[in-house]
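Visitor: Following this message is one structure expressed as structure tokens.
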Amino acid sequence: MTARTALVTGAARGIGAATVLELARRGYTVLAVDVATDDPALPYSMGSKADLSAVVEQAGGNVEPFVADVRDPSAMAAAVAEAERRWGGLDVAIAAAGVVAGGAPAWEVPLEQEQAVLDVNLNGVVNLARVAVPALLRRPQPRSGRFLAVASAAATRGLPMLAAYCAAKAGVAGLVRALGAELGATGVTANAVSPGSTDTPILAESARLYALPDAAAFAAQQPVHRLLDPAEVAAVLAFLSGPDSSAMTGAVVPVDGGLAL
């Protein structure tokens, strides 16, 4: 396969980091994007610049870090511009940045936490799509551009005390369906993955919100009776990034250990 260029948000850790590593392993050049700083509205640590640097170092080869907040449309435009400047174009954009907050009924969650969840998990995907999709369309025909997003099993399950998270992820699923319809026969597709309980810092924070001893407690709710590894989700994102997924658009692919059954 001719070398392809990808941009991945939420790249400092979790599914985003695993996706950077998997794409690099498959020969992609990757712009690894992360805010790389804590959010004062959220009571747990975000990925850091050190985390982002470690991912880039582990990936080796043609992976470059880029610090940007998905909530800032101009920062997303700058990230896309950087990928095009460095490598001459963009073939894949993956919106993997995410946060979680809650632990109380929707009407009791602090407004700033609710807003952070909606802004990062939904508006961040919209912001990336607004600038990345035109870049994907700037590639000459025949195109094989891919816009991808990380939704969640929470897009279709009503999880108590995580209402904003559920709403945001349902919005992501709706967005990729609409993008798939809008992109039509352009050669650019839009899809999402919908992970179940995956061993990431977000799941650890979810366990804290539910007063569980640790994230491992979530394993019992999945038919596979284990947590998923971020690399398992990344493998599906990598497949969707490539030419073999050309018949898929507007799809939300469960990668959830059977959680949605």
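Visitor: So, for the stretch 91-146, what is the accessible surface per residue at a probe of 1.4 Å, expressed in square angstrom?
Guide: Details: 2380 Å² over 56 residues.
I get 42 Å² per residue for the stretch 91-146.
Visitor: Then there's this: Once you order the gyration tensor axes a ≥ b ≥ c over the Cα atoms, which shape class does the stretch 46-85 get: rounded for a/c under 1.5, otherwise prolate or oblate by comparing a/b with b/c? Kindly include the intermediate steps, with their values, before the conclusion.
Guide: Values: a/c = 4.20, a/b = 1.35, b/c = 3.10.
The shape class here is oblate.
Visitor: If you don't mind, another one. Would you kindly compute the Cα radius of gyration of the chain and its largest Cα-Cα separation (Dmax), both in Å?
Guide: Both quantities, over Cα of the chain: 17.1, 53 Å.
Visitor: Amide H of GLY145: which non-local residues (sequence gap of 5 or more, or other chain) have their own amide H closer than 5 Å, using H built in the peptide plane?
Guide: Distant-sequence amide H within range of GLY145: VAL188, THR189.
Visitor: Can you work out ³J(HN,Hα) from phi for every residue in the stretch 75-89, in order, using Karplus 6.51 cos²θ - 1.76 cosθ + 1.60 and θ = phi - 60°, giving whole Hz and x for Gly and Pro?
Guide: Those phi angles translate into 5, 5, 4, 5, 5, 4, 4, 5, 4, 5, 5, 6, 10, x, x Hz.
Visitor: Roughly how far apart, in whole Å, are the Cα centres of the stretch 131-191 and the stretch 42-58?
Guide: 25 Å
Visitor: If a/c stays under 1.5 just call it rounded; otherwise compare a/b with b/c (prolate if a/b is bigger, oblate if not). Do that for the stretch 211-256, with a ≥ b ≥ c from the square roots of the Cα gyration tensor eigenvalues.
Guide: Judged from the Cα gyration tensor, the stretch 211-256 comes out prolate (a/c at least 1.5, a/b above b/c).
Visitor: Which angle between 0 and 90 degrees, to the nearest 10, do you get for helix 230-241 versus the longest principal axis of the chain when only C-alpha atoms count?
Guide: 30 degrees
Visitor: Rounded if a/c is under 1.5, else prolate if a/b beats b/c, else oblate: with a ≥ b ≥ c from the C-alpha gyration tensor eigenvalues square-rooted, which is the stretch 44-186?
Guide: Oblate is the answer for the stretch 44-186, as a/c is 1.5 or above yet b/c matches or exceeds a/b.
Visitor: Quick check of the Kirkwood formula: for the stretch 68-141, what is the inverse mean of 1/r over all pairs of different Cα atoms, in Å?
Guide: It is 13.5 Å.
The values are calculated or read from the model by the stated rules, or taken from the named source; none is laboratory data. The model shown is predicted, which means the values in this text are computed figures rather than measured ones. With ligands, DNA and RNA removed, areas are computed over all heavy atoms of the protein, side chains included. Shrake-Rupley method; radii C 1.70, N 1.55, O 1.52, S 1.80 Å.
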